[in-house]
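The structure under discussion appears below in the form of C-alpha cells.
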Amino acid sequence: MEAANKTDDFQTIKSNLKKEQRQLNNKRFFNNKLLVTGSAIFLFLTLVAFIGPFLMPYDPYGMVVTERLQAPSGDHILGTDDYGRDLLTRIVYGAQVSMGVGLAVTIISSVFGMIIGLYASYYTFLDHILMRICDGLMAIPGILLAIALMAALGPSVLNVIIALSIVFTPNIARVVRSSALVVREQMYIEAMRVQGAISFRIIWGHIAPNTISPLVVQATFVFAETIISEAALSFLGAGVPAPDPSWGNILFAGKLVVFKAWWMVVFPGFVIALSVLGLNLLGDGLRDFIDPHATSKNKKLRKKIDK
C-alpha cells in the first residue's frame, strides 16, 4: 500500500515538473521577440505558399495582352506583368516554388550534412577525406558553384534543388562536426567504448542527439540563403524556367520594364526581403532560446564594448 502511494506521489511530482517546464518554455518563447517575430513571418509565408494558390481568382499562366503592365488597382491588387498576368497570383505561386525549394534543400542538406559531420568527427581517416572535399566546395563562392552545376544539369526545379543541396551541405557538415567533436570527448562516450558499445549506437544514439540544436539553428539560415540563391539563379536564367512563376524570374521580367512598371520589381523584391528577414530572425531567436547562457554572455560582452 505504501509503495503504491509513493508511486502515485512520484507520478504527481513528475507531472507537475513537466507542467512547470512547459510553462517556463512558453514564457521564454513569448519573451523572445526575435523568435516570435521570425515564427510569425515564417508561418505567414508558409500559409501564403501552400494555401494562397487555392484562394487566387486568376490563372498564373493566363495571359491577357490587353491588360499588360496595368498599375495596382481594384481588379489587380499588385498590378499585372508584361503579359497581362496578375502579379499577386504569380507572386503567391512563386512563393510555393521558392518555399518548396528552400524546404527541400534544407532537409536534404541537413540529412547529408549530419551524416558527413558525424562520421567525420568519429573516424579520423574519414575526417581528412570528407572535410577536404567540403573545404574544396566551400572555397568556391556558392552562387558560382550553383551556376556551374545548373549549367551542367539544365534549368528545372529538381536540378535547382540538387545544385543548392550540394552547395549548402558542406556548411551544415562542418557545424555538425564541430559540435560532435565536443560530445565525442565526453566521459560517458569513453565509458561506452570501454563497455564495448558498437560505433553505430554511439554515433546515432548519443552523439547525434546532442548536435540537433546547432543543426536546427543552422538549417534556418540555410533556408534563407536557399531562397536568395534560388531567386538569383532564376533571375540569371539558370534556375526555374519561365513561364513557371518564381520570385527570381518575376524580378528578371520586371528589370526589362522597371521604368514603366515599378510594381514588377518592388513587390517580388519586398517578398524576398521579408522571407529572408523572417528566417534570419527565426534563426537568431532559436539560437537564443536553445542556449540562453550564450545570450547573457553576449549581452555582457556588448556592455563591455560600449563602455
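Taken together, the values in this text are just the output of simple stated rules run on the coordinates, not laboratory data. Here the structure is a predicted model, which means the values were calculated and not measured. Ideal geometry is used to build each Cβ from the backbone, glycine not excepted, and the neighbour counts take in all protein chains shown.
Annotations for the structure displayed:
- Seen from His76, the other residues with C-beta closer than 12 Å to its C-beta sum to a net charge of -1, counting Lys and Arg as +1 and Asp and Glu as -1.
- Computed from Cα positions, the angle between helix 247-256 and the longest principal axis of the chain comes to roughly 30 degrees.
- The angle between the Cα long axis of helix 33-50 and the main principal axis of the chain comes to about 50°, on a 0 to 90 degree scale.
- Non-local lysine pairs in the chain, meaning eight or more places apart or on different chains, with alpha-carbon distances under 24 Å, amount to 17.
- In degrees, nearest ten, helix 263-290 long axis to first principal axis of the chain (Cα): 0 degrees
- Ranked packing of 40-48, 212-220, 227-235, most packed first, by mean Cβ within 10 Å: 227-235, 212-220, 40-48
- The simple spin-label model puts a point 7 Å past each Cα toward its Cβ; for Asp59 and Ala242 those points are separated by 1.9 nm.
- Protection proxy ranking, highest mean first, for peptides 28-38, 56-66: 28-38, 56-66, where packing is the per-residue count of other beta-carbon atoms within 10 Å, averaged.
- Theoretical FRET efficiency, 1/(1+(r/R0)^6), r = Cβ-Cβ of Ala151 and Asp82, R0 30 Å, to 0.05: 0.65
- Computed from backbone phi with θ = phi - 60° and the Karplus coefficients 6.51, -1.76 and 1.60, the 3J(HN,Hα) list for the stretch 121-136 is 6, 8, 10, 5, 5, 6, 4, 5, 6, 5, 6, 5, 5, 4, 4, x Hz; x is used for glycine and proline.
- Two-site FRET efficiency, Leu47 against Ile133, from Cβ-Cβ distance with R₀ of 30 Å, rounded to 0.05: 0.20
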